[in-house]
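Reviewing the structure listed below.
Here, each number is a calculation from the coordinates, and none is a lab measurement. Note that the coordinates shown come from a computational prediction; the quantities given were computed from them, not determined experimentally. Quick reminder, even Gly has a Cβ in these numbers, built from the backbone with ideal geometry, and neighbours come from all protein chains shown.
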């Protein structure tokens, strides 16, 4: 986000379109003003049916703009002046109609004209019925706008004004403010715009009987951070997750699984048309050969457990006739680089990110460090939070993916 030359105040142009979620927008303005932002509100005519312009004027201390044909403002080409004034343009709520107008380059009112005329980042915060949001036309418009550099925050999942439940709720003002100000990565270039991406994360659990299972210490934090970073970079992300106690990153579609076999099947159900596969999950290498239907009772001093190899999801994806760009992870207790390079070659993958794990590093920690390898190169990321490392890693993956893109499907070919 560009900074104001006079001070550190951010200039935010807030567009409000005609959805019931417009009732949240005055609170968004208030929170932004509290964070020393200058907020100029631009409303569509439909938005004014839900919330009065006077309300926005009161909380922003600025005259609200509603009309492209405002003679006083347009005498000096006011819409161009506003387009240049903004550090960022945020449309909250953004309706299905507005997505369609912007995707088709229509400039029928002041807000859509501003969005086309500005060179500032454009952030869209969708709000609509869950069936509307899921409609192929709306999703095609979303994907097209993201390939052009627009950012989409949300939507959230929950109860809707119509009484239905699902994805389509406008994010809460506090979440939007946090994304805009506390997490400025949301305004970074869309390095993976339109790239269909599958990320696996978390552990798997392999049942022994109805109450016992084999698992590992993975918390899923790194995989979830990678999924969030890929979404921030514009990717269309599907997260296949083992059992973890983590919230789904905004804008990510999550599929919950438990066993290695379930993860294998879930990935292969989703793999068609996938451009990028990032396997962060700590998948169980072995599982019990038989699973008892009843709880095994303690009847002797010893119990033997026969284990068999689990299906290898990562290797199976890399072995597909037309595989996506494939990235693996390696958690090692020693000889990290040596084991990572061996796994890179053995599984036939494009990249691998490796880290040391043990009692004081790796699992269950908020920080990590990574060594990344590909066929003719390597990179190292020093200790940092997993969120920061994920963004660094995703930027590198995007660079290598683009370099290998001639043998991958161009993501724009799926956009209508």
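Using the Cβ-Cβ distance between residue 30 and residue 335 with R0 set to 56 Å, the FRET efficiency works out to roughly 0.50.
Working note: Cα gyration tensor of the range 196-409, eigenvalues times five, square-rooted, sorted largest first, giving semi-axes of 29, 19, 17 Å.
Estimated from the Cβ-Cβ distance and a Förster radius of 56 angstrom, the FRET efficiency linking residue 164 and residue 319 is about 0.85. The angle between the Cα long axis of helix 336-347 and the main principal axis of the chain comes to about 90°, on a 0 to 90 degree scale.
The C-alpha atoms of the chain define a longest principal axis, and helix 136-147 lies at about 90 degrees to it. Gain on full extension, evaluated as 0.36 nm per residue between residue 402 and residue 270 minus their Cα-Cα distance, stands at 45.3 nm. Protection proxy ranking for 166-175, 86-95, 35-44, using the average of other Cβ atoms within 10 Å per residue and placing the highest first: 86-95, 35-44, 166-175.
Of the two radii for the chain, the radius of gyration is 1.04 times the Kirkwood radius, both from the alpha carbons; that is the Rg over Rh value. Each residue, residue 62 and residue 211, gets one label point 7 Å from its Cα in the Cβ direction; the gap between the two is 6.3 nm. Note on 147, 290, 118: ascending count of other Cβ atoms within 10 Å places them as 290, 147, 118, the fewest first. Of the residues 272, 398, 83, the one that moves most in a GNM of the chain with alpha-carbon contacts below 10 Å is 272.
Its residue count N sets the reference 2.2 N^0.38 Å, and the alpha-carbon radius of gyration of the range 99-139 equals 1.28 times that reference.
Mind checking the log10 I(q)/I(0) for the range 297-347 at q = 0.25, 0.31, 0.32 Å⁻¹? Debye, one equal scatterer per Cα, no solvent, two decimals. Summing over Cα pairs of the range 297-347 leads to -1.03, -1.19, -1.21. For the range 224-319, the Stokes-Einstein estimate of translational diffusion at 20 °C and a viscosity of 1.002 mPa s comes to 138 µm²/s, using the Kirkwood hydrodynamic radius over alpha-carbon pairs. Shape descriptor for the range 6-158: Rg over Rh equals 0.94 (Cα atoms; Rh from the Kirkwood inverse mean 1/r). Return P(r) of the range 105-215 (all Cα-Cα pairs; 5 Å bins starting at 0; whole %; ordered from short to long distances). With a bin width of 5 Å, the distribution comes to 2, 9, 14, 16, 19, 14, 8, 6, 6, 2, 1, 1, 1. Relative to the longest principal axis of the Cα atoms of the chain, helix 386-404 runs at roughly 90 degrees. The distance linking the range 142-158 with the range 205-236 is 24 Å (Cα centroid to Cα centroid, whole angstrom).
DSSP beta bridges fully contained in the chain are about 35 percent antiparallel.
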